[in-house]
4 protein chains.
Amino acid sequence: MQLGMIGLGRMGGNIVRRLLRGGHTAVVYDRDPAAVEALVAEGATGAADLAEFVEKLDAPRTAWVMLPAGAITEATVAELGGLMTSDDVIIDGGNSFYKDDIRRAAALRAKGIHYVDVGTSGGVWGIDRGYCMMIGGETVAIDRLDPIFRTLAPGEGSIPRTPGREGRDPRAEQGYIHAGPSGAGHFVKMVHNGIEYGLMQAYAEGFDILKHAASPDLPEAHRFELNIGDIAEVWRRGSVVSSWLLDLTASALAGDENLEGFSGFVADSGEGRWTLNAAIEESVPANVLSAALYARFRSREDASYADKLLSAMRKGFGGHQEPK
Amino acid sequence: MQLGMIGLGRMGGNIVRRLLRGGHTAVVYDRDPAAVEALVAEGATGAADLAEFVEKLDAPRTAWVMLPAGAITEATVAELGGLMTSDDVIIDGGNSFYKDDIRRAAALRAKGIHYVDVGTSGGVWGIDRGYCMMIGGETVAIDRLDPIFRTLAPGEGSIPRTPGREGRDPRAEQGYIHAGPSGAGHFVKMVHNGIEYGLMQAYAEGFDILKHAASPDLPEAHRFELNIGDIAEVWRRGSVVSSWLLDLTASALAGDENLEGFSGFVADSGEGRWTLNAAIEESVPANVLSAALYARFRSREDASYADKLLSAMRKGFGGHQEPK
Amino acid sequence: MQLGMIGLGRMGGNIVRRLLRGGHTAVVYDRDPAAVEALVAEGATGAADLAEFVEKLDAPRTAWVMLPAGAITEATVAELGGLMTSDDVIIDGGNSFYKDDIRRAAALRAKGIHYVDVGTSGGVWGIDRGYCMMIGGETVAIDRLDPIFRTLAPGEGSIPRTPGREGRDPRAEQGYIHAGPSGAGHFVKMVHNGIEYGLMQAYAEGFDILKHAASPDLPEAHRFELNIGDIAEVWRRGSVVSSWLLDLTASALAGDENLEGFSGFVADSGEGRWTLNAAIEESVPANVLSAALYARFRSREDASYADKLLSAMRKGFGGHQEPK
Amino acid sequence: MQLGMIGLGRMGGNIVRRLLRGGHTAVVYDRDPAAVEALVAEGATGAADLAEFVEKLDAPRTAWVMLPAGAITEATVAELGGLMTSDDVIIDGGNSFYKDDIRRAAALRAKGIHYVDVGTSGGVWGIDRGYCMMIGGETVAIDRLDPIFRTLAPGEGSIPRTPGREGRDPRAEQGYIHAGPSGAGHFVKMVHNGIEYGLMQAYAEGFDILKHAASPDLPEAHRFELNIGDIAEVWRRGSVVSSWLLDLTASALAGDENLEGFSGFVADSGEGRWTLNAAIEESVPANVLSAALYARFRSREDASYADKLLSAMRKGFGGHQEPK
């Protein structure tokens, strides 16, 4: 089956590669001609601009937009909307905000164009491991694209089947789902990332406690010098906390248990924030997911105004001076 | 190799079974004679009381105590200490507090008895999946018991090896480690459980947000009726949040997506509390692990005094009445 | 000076009363004619609809809208915008979202109408104690209305002056400020309420800990039966935690130390949520303010889906049954 | 009435001064002879060592120990216990852990010596404003010392009486209470400090959000340059968040709105930690009080191991590099 891909960065490029390997064909476009050339060398058809891109696609067309969420995705979808025609499909595979999907889908529906939002997880490992996909949009479009999704998905692999799923949607066991109408794909992916932040922070706090078990502030008899890397490794087998994130942690710690190469400045990509906004809108308590996001905010500050204010109050009531 | 086991509940009994299957021999004791009989039928040697239990063990003896943490473990270890002799080993495989281990080990060391604390993870699945073990104590005793630990551990299994671990302690890849001196095993297991609580709460909050995406409080255009079970399933393959806890979640949701069978009263077993105590002692921020524990506390209250006080204040300043 | 008031509920009505007492005049309107009549009896001029209301005001007119935030305020401001003319002032004294203020002010500015947003704190006590006001909008309008604000504000009262404020805006010491351009008044009021939630929750948790000091789960030697009401009272004098909220708490506890009259269902009014949205937008860590809001969310649930999921996972890995 | 004071630091010295002003007499001792001399010059009787100190007191003696909690208080109470006799009173006015009080009181009771724990709040302001006192111990001793406590307490002052307290213990309105048996005084003071941390952090987060309203990361139309000092001041009058801590905040911000003089390194004094330990023991959720303490822990770290681990995981799954 043919797919058009716009945006040939790490994610877009590898998705095309996985499709080509799976016997599909691809028309590709990127602002950077070198990126186009690279994929042409691997068997894709290149395009020099969006108009040519659309022209080279067979109707009904499928254009997958894999660009940073925000202005550039918005503009590209709008431009594609002008170039494409009824029954074509535009996929937004980036990390767009789900309310933007809902709005865009309604606008394109007026022209008969299908809009499909695909949240993808898998990162740099996806090309080999497959991409876990959460898909929102109309059934007709998503069913038509099933061969694409099936190829991109990880498949059942060596992961044991969940008992009791007989008769349920088999796509979930292949690693992709039709989550609901437009926006549902990115909504589910958004919450996925919110959970991801929470899981990461749970490990981070736990390993921090293990690391500080050697703290000189503790009574000597209660101190432990622990081998953090071996602990991460041992938990990978048979423990309740085993996970892919733990695998990655064990791998990082095998290289450098003290993580000297990292400054501890931790970015966040938007989905964690939107997940909290959703929790707040829904009146759902989310202390863990919030704390996980706030830890990242805090990691990016040196001396926060909040902390200075605490010091100022302490000086006010107790005459406490800050330590030198 | 021979092991003595005291406490033949779900954990102790299955550990003996796994050892018997692995070619070891066992002397077993439990207050409940039926539990002893059951294991005798499977090939173990039974004892009617602790004295007989110790007598039936070959020197140097190894007695594994697998009882609820607290008074009963304390009393049993003390009694064993009186019955056993120099170079014998007492293992506490329960969930004891690590400071109790440190104290007990020092007391037994005076008699020449080795005290080994083993934190085990794996729950009811351990008999087949193996037990992940974190072990504290003297090297001489732990090395002597290696055949036991090797049999109980999950082994390398199908889990890919972590790159960069060449030259490191190979036991971690088998699923057990010698974490450090007395108490270190239970300390690491304690933090393991603290992390476990955090991971569980991250999933719980995320799925709660997914569930409430259909809330009638949201604007209709932004609502989603999501298939929670399929979402849990799809994340098992290729996603960043895949884990054993997610496998269990998918399994529970396959049975009943609305979890009607659960009241939402969530117990905690002590290690989560001790983990926070350790974090506080070490001055390590642990917002996620704390929030996870507090969510369990809160799940067990109907109308908290704290909440009533908020209502009382609201009435005081704003004349706000509580809704009927 | 003359003020028009739309919305004669508890807040709007009392603001008019305080103005009349202070020698000002008022034109008043409410959908409920009885509310209008009541204030006419106290010396205000009544109006039967918005058109008559605007007609009875002397140019340049000032119309204070004191209605629930949301659709009704939006519609009323829009209708007033159609009836009023250049140099008139519309005040939104409710709890509007600051981004709505910014939008409305821009729309009205095109017609030469000034839009002023006033965040007011003081609740039912304001009529006697005065209203603390945070004001956003153009200087020309806010300066013109100064006699109104001065009368409504608490004034310096018996509160000691803050040293070092010489040469700073004297209005702050009277209990009102011009916080900035349109939206700034409601923004500051919004954060005020966010802080209010945090303060309330800090007291609530603390008193909860005092209450549970008698818990039968504690060792008997470490239990205390504390007189919660006396504790609240004693902290009012000379302690670091004295505050107006504590005064209200002491008052509530003097009546009923066990707060039997409250169900513990705690509402929230929007500003706490917006405060978190602002924190998230600004990348400011806000664990305390978030936890305070989430505690209210949680107070309104019986058995949360999140908690049920924790139980389901526990059953999955440990065979733990929920307690009956 | 006569009081003996051991420890003439800021707190102990000022307590003696307030007592002398109130017509009481004092015997004083400090390791630093200059501190003793200073108070002798103000009318106290000095002592060169503990033995002389006890000798100079009239039976039944009262010795107030005002030293840092921990080893030095422990040793001093023990030494006093050896020097004093039946019916004498030892007061620990420091910030001792309440379980230490319970233990010490039991030990001294065997000798007939009364042990009284006094938690005091008021800081450097207490000499003039009075000390808020929470007192634990036997009624007979606390009643005997009432003239001392009455003089030290703030008294009713200008603070309005709480309605509905008729018939309740009048001491609470004077600023001191007999909270319960030994330990109760320090327990209540401990929770007081836990609440204090929570209140401070609520303000700190709120003001941080106000400060960052000018963040260049926000859309320009939604940014505000707020006058933080004026906001703190205006909230002191008529607002729901007025408090003594807010008074101190306004005072600090009047001097330097940007708090340039503070590094943001925030100490904690032990009671916040113990409050959390108590909450955990009692199964009381305490997200706000925990977050307040953790914010202080975090303020004292530069690049936390937890944050580095997050970066390491992010690199693992997404190839994300940390920003330079």
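Counting lysine pairs in chain D whose alpha carbons fall under 26 angstrom apart, excluding pairs fewer than 8 residues apart on the same chain, gives 6.
Based on the Cβ-Cβ distance from A:ARG109 to B:HIS222, what FRET efficiency comes out when R0 is 22 Å, to the nearest 0.05? That gives a FRET efficiency of 0.85. Simple spin-label estimate for A:VAL124 and D:ASP302 gives 2.7 nm between the two label positions (7 Å along the Cα-to-Cβ direction from each Cα).
Along each principal axis, taking the top coordinate minus the bottom one, the Cα set of the range A:112-252 gives 71, 29, 29 Å in descending order. Cα axis of helix A:271-282 to longest principal axis of chain A: angle in degrees, 0 to 90, nearest 10? With rounding to tens, the tilt is 90 degrees. Computed from Cα positions, the angle between helix B:98-109 and the longest principal axis of chain B comes to roughly 10 degrees. Over the Cα atoms of the range A:231-324, the radius of gyration divided by the Kirkwood radius equals 1.11; this is the Rg/Rh ratio. Think of the axis that spins chain B onto D; the B residue whose C-beta lies nearest it, and the distance in whole Å, is B:SER290, 2.
Between copies, the label points at A:ARG21 (set 7 angstrom from Cα along Cα-to-Cβ) are spaced 3.6, 7.8, 8.1 nm, reported in nanometres from shortest to longest. In terms of its Cα atoms, chain A spans 73, 47, 44 Å along the principal axes, sorted from long to short.
Taking a ≥ b ≥ c as the square roots of the eigenvalues of the Cα gyration tensor, an a/c ratio of 1.5 or more together with a/b no larger than b/c marks the range A:130-203 as oblate.
Take the Cα of A:GLU79, go 7 Å toward its beta carbon, and the backbone nitrogen atoms of the range A:89-120 under 17 Å from that spot belong to A:90-94. Taking a sphere under 13 Å around the Cβ of A:ALA26 and counting the other residues whose Cβ falls inside, with K and R at +1 and D and E at -1, yields a net charge of +2.
Loop-only GluC sites (Glu not before Pro) in the range C:88-186, please: DSSP not H, G, I, E or B, and at most 16 other Cβ atoms within 10 Å.
Values: sites: C:GLU138, C:GLU156, C:GLU166, C:GLU173; in loops: C:GLU138, C:GLU156, C:GLU166.
Of the GluC sites (Glu not before Pro), the ones in loops of the range C:88-186 whose Cβ has at most 16 other Cβ atoms within 10 Å are C:GLU156, C:GLU166.
Ignoring everything except DSSP H segments at least 4 long, calculate the 222 nm mean residue ellipticity for chain C; use -39,500 (n - 2.57) per segment, divide by total residues, nearest 500.
-15000 deg cm²/dmol
Anyone know which of B:TYR305, B:TYR115, B:TYR197 comes out most mobile in the 10 Å Cα GNM of chain B? Of B:TYR305, B:TYR115, B:TYR197, the most mobile in the Gaussian network model is B:TYR305.
A simple count of charges around D:PRO147, restricted to other residues whose Cβ falls under 15 Å of its Cβ and scoring Lys, Arg +1 and Asp, Glu -1, yields +2.
Once the Cα atoms are used to define both axes, helix B:244-255 deviates from the longest principal axis of chain B by about 60 degrees.
The order of A:GLU42, C:GLU196, D:GLU281, going from fewest to most other C-beta atoms within 10 Å of their C-beta, is A:GLU42, D:GLU281, C:GLU196. With q set to 0.10, 0.15, 0.18 Å⁻¹, the log10 of I(q)/I(0) for the range B:5-128, from the Debye formula over equal scatterers at the Cα positions, is -0.28, -0.64, -0.94.
Taking the inverse of the average 1/r across all pairs of different Cα atoms in the range A:81-185, what Kirkwood radius in Å do you get? It would help to have the intermediate numbers written out before the result.
Numbers: mean 1/r = 0.0694 Å⁻¹.
Hydrodynamic radius (Kirkwood, Cα only) of the range A:81-185 equals 14.4 Å.
Gaussian network model of chain C, Cα springs within a sub-10 Å range: biggest mean-square fluctuation belongs to which of C:GLY23, C:GLY255, C:GLY206? So, out of C:GLY23, C:GLY255, C:GLY206, the one fluctuating most is C:GLY255. Quick one: plug the Kirkwood hydrodynamic radius of the protein assembly as shown (C-alpha pairs) into Stokes-Einstein at 10 °C, 1.306 mPa s, and report D in µm²/s. My calculation gives 47 µm²/s for D.
What ranking do B:VAL240, C:VAL118, D:VAL65 get, fewest neighbouring Cβ atoms within 10 angstrom at the top?
Working: B:VAL240 25, C:VAL118 29, D:VAL65 22.
So the ranking, lowest neighbour count to highest, is D:VAL65, B:VAL240, C:VAL118.
Are there trypsin sites (Lys or Arg not before Pro) in the range D:61-169 that DSSP marks as loop and that have at most 14 other Cβ atoms within 10 Å, and which are they? Let's see the in-between values first.
Values: sites: D:ARG61, D:LYS99, D:ARG103, D:ARG104, D:ARG109, D:LYS111, D:ARG129, D:ARG144, D:ARG150, D:ARG161, D:ARG165, D:ARG168; in loops: D:ARG61, D:LYS111, D:ARG161, D:ARG165, D:ARG168.
Listed in order of number, the matching sites are D:LYS111, D:ARG161.
Taking the label point 7 Å along Cα→Cβ, A:LEU218 and its counterparts in the other copies are spaced 2.7, 4.3, 4.4 nm apart, in ascending order. For the protein assembly as shown, what is the percent of antiparallel DSSP beta bridges, rounded to the nearest 5? Here the antiparallel bridges make up roughly 20 percent for the protein assembly as shown. In nanometres and ascending order, the distances from the D:ASP32 label point to those of the other copies are 6.5, 6.5, 6.5 (point 7 Å from Cα along Cα→Cβ). Among A:PHE297, A:PHE265, A:PHE97, the largest mean-square fluctuation in a Gaussian network model of chain A (Cα springs under 10 Å) belongs to A:PHE265.
Note on D:GLU55 and D:ALA267: their simple-model spin labels are 3.6 nm apart, each label 7 Å out from Cα toward Cβ.
Values quoted throughout were computed directly from the atomic coordinates according to the rules given, and no laboratory measurement underlies them. Every value quoted in this text rests on a predicted model; they were computed, and no experiment measured them. Using ideal geometry, Cβ is built from the backbone for each residue, glycine included, and neighbour counts are taken over all protein chains shown.
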